Amino acid sequence: MNSMIALLGFIVVLLVNGPSIACSSRSSIFWLDKPIQINADGSFSQAEEHRYERIYGDATRDIGGGKIGQRIIDSGACSASESLLIVDCFSLETIVIKGLVDPDEPEIEGGGPSNRLAMLYPPHGKIRLTKSVTVAELAEISAAEGYEYETNPQTAFAVKRKRNTYNPFTGCKVLYPDSPGATQ
């Protein structure tokens, strides 16, 4: 009798969670929306607001010339989207460029295609991160190539509740502590 109840419980879990069990290890019914966790290197985690979502950022990297870069990943149950955050810590200009779909990467059944930053860089794309490149130039390239991008950090990060919002200038505090961006 107990094994029959356990089997019935397992079937109910499968029906409730559906195909997401195959795609996500975070499909727990016990998930809680915790506040964003920001680390000393500018990386962050726990920016998600749903149990089938995972949003995090890698450590900030120094591009040179007062600019920082960071990869931000927003993964759902069956796909992931990588975006590139570039901040000029002195001019306070920002840009978030969404990665592109890799045509050679197979889609996961039940999910959408994943966007990869690698597709923005040569030989596939036109983005080159150098010490001398400006945010305005990155926006021009993005517009010319049809890349999805946003230059207003309030807009780029506005979809999140305040407790889950990442300050795009966090990396300025880490890598350029004497810059105007470090005070944002």
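Some observations on this one:
- Criterion applied to Tyr166, Tyr176 was being of a type in the set (Phe, Trp, Tyr), buried (at least 18 other Cβ atoms within 10 Å of the Cβ) and at pLDDT 95 or above, and the one residue passing it is Tyr176.
- Here Ile55 qualifies as β-branched (Val, Ile, Thr) and at pLDDT 55 or above.
- Annotation note: of Ser91, Ser132, Ser75, the sole residue that is polar (S, T, N, Q) and under 13 Å from the mean Cα position of the chain (by Cα) is Ser75.
- Wholly within segment 51-136, strands (runs of 3 or more DSSP E) carrying at least 3 residues that are under 18 Å from Tyr166 (Cα atoms): 54-57, 67-75, 80-88, 94-98
- Here segment 147-162 is the region considered, the condition is being at pLDDT below 80 and in contact with an Asp or Glu (Cβ under 8 Å, 6 or more places away or on another chain), and the residue that is farthest from Val96 (Cα to Cα) is Arg161.
- For segment 100-144, the set of residues classified as surrounded by 15 or more Cβ atoms within 10 Å (Cβ to Cβ) and in contact with a Phe, Trp or Tyr (Cβ under 9 Å, 6 or more places away or on another chain) consists of Leu100, Leu120, Gly125, Ile127, Leu129, Leu138, Ala139, Ile141, Ser142, listed by residue number.
- Lys98 under 14 Å from the mean Cα position of the chain (by Cα) and farther than 18 Å from Gly181 by Cβ: yes
The values are calculated or read from the model by the stated rules, or taken from the named source; none is laboratory data. Just so we're clear, the structure is a prediction, and the values are computed from it rather than from any experiment. Neighbour counts run over all protein chains shown; Cβ positions are idealised from the backbone, glycine included.
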